[in-house]
Amino acid sequence: MVQHYYRNVHAVVFVYDITNMASFQSLPAWIEECKRHLLTNDVPRILVGNKCDLKDSIQVPTDLAQKFADLHSMPMFETSAKNTNDHVEAIFMTLAHKLKSHKPLVLSQPPENTVELNSGAKTSFPCGC
Ligand SMILES: Nc1nc2c(ncn2[C@@H]2O[C@H](COP(=O)(O)OP(=O)(O)OP(=O)(O)O)[C@@H](O)[C@H]2O)c(=O)[nH]1
């Protein structure tokens, strides 16, 4: 069942809670889990520390998280899901940029000796729900 979550994965966002050291300490296990499911370092990965609005409850210092991110060659952001201005856009732009630069070559024209599968009459199967 878990295997399904790892199928066709294009990117991974590792999120920890900056007010919860245990969530940060569990990251190596999640990285290991990804490796076990054959997600190599080629798959763009990013580290996000959430809840940065809770400044009085910080348990995970930024420099500790940054060192961890550097060690694993990931960009690192701290953000707050409560305040969407806090880097959320930058996080997804970074991922999109990484995904784009990892995109395999796409042929603009079909190669020779190929069969056009959808050249016949169009059939549609609208969703019945
Ligand atoms: N202050 C603050 N609260 C947050 C933030 N993100 C999530 N929360 C709160 O944290 C609680 C858990 O959020 P969920 O979205 O259920 O996330 P979860 O992964 O189940 O998280 P945990 O219960 O924290 O392990 C909710 O009460 C959220 O409102 C944030 O950036 N800042």
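Brief remarks follow.
- Qualifying trypsin sites (Lys or Arg not before Pro) in segment 59-104, where qualification requires a DSSP coil assignment and no more than 12 other C-beta atoms within 10 Å, comprise 82.
- Under 5 Å, built H, 5+ apart or other chain: amide partners of residue 50: 16, 17, 18, 79
- Highest to lowest packing among 33-45, 9-21, scored as the average C-beta count within 10 Å: 9-21, 33-45
- Percent of Cα-Cα distances greater than 19 Å, calculated over segment 22-80: 30 percent
- In segment 1-104, Cα pairs under 8 Å separated by at least six residues give a relative contact order of 29 percent.
Values in this text are rule-based calculations from the coordinates and carry no lab data. Only a predicted model underlies this, so the values are computations on that prediction, with no experimental measurement involved. Please note: Cβ atoms are built from the backbone with ideal geometry, for glycine as well, and neighbour counts cover all protein chains shown.
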